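What follows is a single structure, written as structure tokens, with notes after it.
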Amino acid sequence: MGNKLAQKIALVTGASRGIGRSIALALADEGADIAFTYRTSTESAEALVQELQAKGRKAVCYQSDASDFTQAIEIAQNIIKEFGRIDILVNNAGITRDGLLMRMSEQDWDAVIAGNLKSVFNYSKAVCRQMMSQHQGKIINISSVVGIIGNPGQANYVASKAGVIGLTKSMAKELASRNIQVNAVAPGFVNTDMTEKLNEKQKEAILSLIPLKRMAKPEEIASVVRFLASDDAGYMTGQVLCVDGGMAM
Ligand code: NAP
């Protein structure tokens with residue numbers, strides 16, 4: 001527990017489970033108050049609110065699909081009304097709809113691009129005016145190592161995560177003059193419900209590609225996000241930090 005993020009207000013998308021949940025907890029441990037979104041897991045979301053409040057933080061959650069632009073704008077306005085400002089945005093919400101391109105449906109393509117890429121546009125746009133007026137802000141986008149190296153069977157997901165990297169760099173250049181830093185984290189394979197879907201054969205194949213020979217714990221991604229959210233990373237912008245056990249070196 002530290003206080004590097006004391007008085008800061010963080011918004012994390014998709015935090016009812018997995019990496020997003022760990023990020024919300026890690027930011028709260030450093031002193032930040034937390035607003036977060038989720039799509040379906042109401043029980044886990046409410047449990048997280050309780051857990052954050054038990055740490056002495058203000059916490060609020062919103063059930064909303066991150067790909068919905070209008071809701072993103074409304075949620076950001078609500079948070080500004082409730083908390084007075086937004087200092088940190090973590091664009092974490094994401095999904096997979098894996099399959100070979102040859103068999104991939106248009107719906108699976110559209111759902112992944114909307115859930116993983118448009119969502120980053122939605123929330124970044126929703127908070128950037130406020131951050132610009134504060135002359136301060138940190139936006140951290142969760143990409144993926146496969147957005148850098150590619151992955152068969154994940155054309156939609158890889159395109160969305162490569163898109164997130166391009167969006168990160170453009171936003172970093174556009175917002176730098178207002179003292180807003182925009183960076184991305186590219187995790188490798190992390191033990192969450194998302195990778196739980198993989199079969200044993202797929203998991204073995206993945207492990208053979210990881211120099212550290214294990215998947216990451218969500219907390220190992222969250223600690224890097226916490227660093228980027230703090231002034232320790234105040235001179236970093238437009239960067240992509242791979243937290244991938246050495247996959248993309
Ligand atoms: P996860 O365990 O499946 O959890 C996803 C979280 O995001 C859940 O809280 C879910 O809410 C929420 N969510 C998904 N789509 C949403 C939407 N449209 N609107 C609002 N909330 C939404 O996934 P994870 O493994 O923690 O992944 C988190 C992020 O890290 C994703 O962007 C993912 O692409 C990225 N990532 C993961 C890995 C990995 O190996 N796990 C590797 C690289 C990058 P509900 O519970 O309510 O559905």
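Nothing in this text is a laboratory measurement; each read-out follows from the coordinates by a stated rule. Only a predicted model underlies this, so the values are computations on that prediction, with no experimental measurement involved. Cβ atoms come from the backbone with ideal geometry, glycine included; neighbour counts cover every protein chain shown.
Among the lysines of the stretch 170-249, pairs that are 8 or more positions apart or on different chains and have alpha carbons within less than 22 Å of each other number 6.
The share of C-alpha pairs in the stretch 25-81 whose separation exceeds 13 Å stands at 60 percent.
Pairs exceeding a 22 Å alpha-carbon distance, out of Lys58/Lys81; Lys81/Lys125; Lys55/Lys118; Lys81/Lys118; Lys81/Lys138: Lys55/Lys118; Lys81/Lys118. Computed over neighbours whose Cβ is under 14 Å from that of Glu30, the net charge equals 0, Lys and Arg +1, Asp and Glu -1. Given axes a ≥ b ≥ c from the Cα gyration tensor, I'd like to know whether the stretch 98-249 is rounded (a/c under 1.5), prolate (a/b larger than b/c) or oblate. Taking the square roots of the gyration eigenvalues as a ≥ b ≥ c, the stretch 98-249 is oblate.
Taken about its Cα centre, the stretch 164-249 carries a charge dipole of roughly 180 debye when the Cβ of each Lys and Arg holds +1 and the Cβ of each Asp and Glu holds -1. Over the chain, what relative contact order in percent results from Cα pairs under 8 Å that are six or more residues apart? Over the chain, the number comes to 19 percent.
Ellipticity at 222 nm from helices only: DSSP H runs of n ≥ 4 in the chain, each -39500 (n - 2.57), divided by the residue count, give -14000 deg cm²/dmol. Footprinting exposure proxy ranking of Thr195, Thr40, fewest other C-beta atoms within 10 angstrom first, gives Thr40, Thr195. Protection proxy ranking of 180-192, 209-221, by the mean of other Cβ atoms within 10 Å over each peptide's residues and highest first, is 180-192, 209-221. Rounded to the nearest 20, the Cβ-based charge dipole of the stretch 142-208 about its Cα centre (Lys and Arg +1, Asp and Glu -1) stands at 260 debye.
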